[in-house]
Amino acid sequence: MKSILVTGCAGFIGSNFVPYFLEKYPEYHVINLDLLTYAGDVENLKEIEKSERYSFVKGDICNRELLEYLFSEHDIRGVIHFAAESHVDNSIKNPGLFIETNVNGTFTLIDVAYKYWMEKPFVHTPGYEGCRFHHISTDEVYGTLGEEGLFTEETPYAPNSPYSASKAGSDMVVRSYHHTYGMDTVITNCSNNYGPKQHDEKLIPTIIRKALQGDTIPIYGDGKNIRDWLYVLDHCKGIDLVYHTGKNGEVYNIGGRNERNNNYIADKICEILDSLLPKEESYKEQITYVEDRAGHDRRYAIDATKIETQLGWRADEHFESGIIKTVKWYLEKYNISSEKIEKVK
Ligand SMILES: NC(=O)c1ccc[n+]([C@@H]2O[C@H](COP(=O)([O-])OP(=O)(O)OC[C@H]3O[C@@H](n4cnc5c(N)ncnc54)[C@H](O)[C@@H]3O)[C@@H](O)[C@H]2O)c1
């Protein structure tokens, strides 16, 4: 049995990733290190909490002693690093925390991995040759696009928010450990995810929740900001593929070729709710425009050619199929059963 350390899995993407990964690979023991900040919730991992191949450790990726203990106690042979502060709005209010967790945390983690797996630069401790560090990052490191063009792995970094700057910094730390010390690293830069288990604060859960509560649905600015939306399980499958078959030292962009603006997303969710839980007026009547986010990037879009052609990845969902699954999942979360849906009808 191989032990791998997967960080931040009480959050959105990690809690979708670990159940998928454990089911697919019976040979892994997954140790989830998560600080359980406001963004982490162990409820997200209920379905695997009893698995003998899963261990949960509450702790901080900035805590070097704890990391050293975990590496030697479990003889860690790989890292998939999700843990981060991830909400752009919070990074505008409290940038220091983002630098601490995302930059210093990533540095501490990869430095401990380096010292456990390698004797000196480009020389592995015998038996640890295949140990890989996979860093999960975002397309936001590339900045913003005009109406045309796509982010490729060659696009120069131009982060615009404290969040994306901290992720860009962490990517550079990982890159340097590959080039300076010869560590086996891969980085994936993914577009906006959506799906089950996402924190309430993010755009799609907010639209669904506010709609159901009968509140105004807040949309920033003119609602024309474009993101390239990817269903979370498609991201998880891409991570799995890169972790197992990606080329050492490489970067892979992951995106679903599903560019949609915020107006479209709000309308689509309202239409789904109009059909599942109809009321007198359409949920669209609740949409309200609010003051734009400071420094709000206009458009992100990923060119996923590299992972598609080199590793054979392709998104299984398009936005219109994934969003129905997502809305239904939130209705269940809020205990709105099909029976109640029938009653409302
Ligand atoms: N959500 C997206 O659309 C998206 C897109 C591309 C990349 N990413 C990246 O994917 C990763 C996961 O994103 P997410 O949306 O699941 O985030 P999230 O905010 O839902 O979860 C983050 C998790 O990290 C944990 N954490 C925070 N600080 C920690 C620390 N110091 N030590 C240990 N654990 C800590 C939190 O408790 C939480 O469980 C992040 O690195 C993010 O930058 C996210």
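The values are calculated or read from the model by the stated rules, or taken from the named source; none is laboratory data. If you're wondering where the values come from, they're calculated on a predicted model, not measured in any experiment. Methodologically, a virtual Cβ is constructed for each residue, glycine included, from the backbone with ideal geometry; neighbour enumeration extends over all protein chains shown. Side chains included, ligands, DNA and RNA excluded: accessible areas come from the protein's heavy atoms. Shrake-Rupley method; radii C 1.70, N 1.55, O 1.52, S 1.80 Å.
Annotations for the structure displayed:
- Helices assigned as whole DSSP H runs in the chain whose Cα atoms extend at least 24 Å along their own long axis and whose mean Kyte-Doolittle hydropathy is -1.0 or higher are found at 162-181.
- With protein chains left intact and a 1.4 Å probe, residues in the chain average 44 Å² of accessible area per residue.
- Partners for Lys224 among aspartates and glutamates (Cα-Cα distance below 15 Å; same-chain residues under 8 apart left out): Glu147, Glu148, Glu259, Asp267, Glu291, Asp292, Asp297
- The rule of thumb for compact globular proteins, 2.2 N^0.38 Å, goes into the C-alpha radius of gyration of the stretch 139-256 1.24 times.
- Per-peptide average of other Cβ atoms within 10 Å, ordering 269-276, 250-257 highest first: 250-257, 269-276
- Per the Cα gyration tensor, the chain maps to an equivalent ellipsoid with semi-axes of 35, 23, 18 Å, ordered largest to smallest.
- For the stretch 132-185 versus the stretch 69-100, the gap between their alpha-carbon centres in whole angstrom: 15
- Accessible area of the chain belonging to carbon and sulfur atoms, whole % at 1.4 Å probe: 50
- Cα→Cβ-extended label distance, 7 Å offset, between Glu49 and Lys328, nm: 2.6
- Within the listed set Ser51, Ser166, Ser15, the Gaussian network model of the chain (springs between alpha-carbon atoms below 10 Å) gives the highest mean-square fluctuation for Ser51.
- With 18 Å as the limit on Cα-Cα distance, the pairs of Lys167/Lys306; Lys202/Lys268; Lys46/Lys210; Lys167/Lys237 that go past it are Lys167/Lys306; Lys46/Lys210; Lys167/Lys237.
- The helix-based estimate of mean residue ellipticity at 222 nm for the chain, built from -39,500 (n - 2.57) per DSSP H run of four or more residues and divided by its residue count, is -12000 deg cm²/dmol to the nearest 500.
- The chain - percent relative contact order, Cα under 8 Å, separation 6 or more: 17
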